[in-house]
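Input: a single structure, listed below in structure tokens.
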Amino acid sequence: MSQTEDDGEPVSCRGCGRQATPPALGWSRDGDGVWLCDTCVRDNLRSIEAKLDTEWW
Ligand SMILES: [Zn+2]
């Protein structure tokens, strides 16, 4: 029991609104507790690589 995720509580993707119960494969959570699904993570990575600016996300 080393996980600190609050599993059992459904979360929704900030990007597309998909819902899942963490830990969901490919999903990532940032420091503000905002979740992104695997698809949106990929989209974000592309944008981050392009802009190196996450403030407006
Ligand atoms: Zn998404």
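In Å², what does the accessible area per residue of the range 11-51 work out to with a 1.4 Å probe? Walk me through the intermediate numbers first.
Details: 2750 Å² over 41 residues.
Averaged over the residues of the range 11-51, the accessible area is 67 Å².
Scale the Cα Rg of the range 11-51 by the rule-of-thumb value 2.2 N^0.38 Å and send over the ratio, two decimals.
Numbers: Rg = 9.9 Å, N = 41, 2.2 N^0.38 = 9.0 Å.
The value comes to 1.09.
The values are calculated or read from the model by the stated rules, or taken from the named source; none is laboratory data. All values derive from a computational prediction rather than experimental measurement. All accessible areas refer to the heavy atoms of the entire protein, side chains included, with ligands and DNA or RNA removed. Shrake-Rupley method; radii C 1.70, N 1.55, O 1.52, S 1.80 Å.
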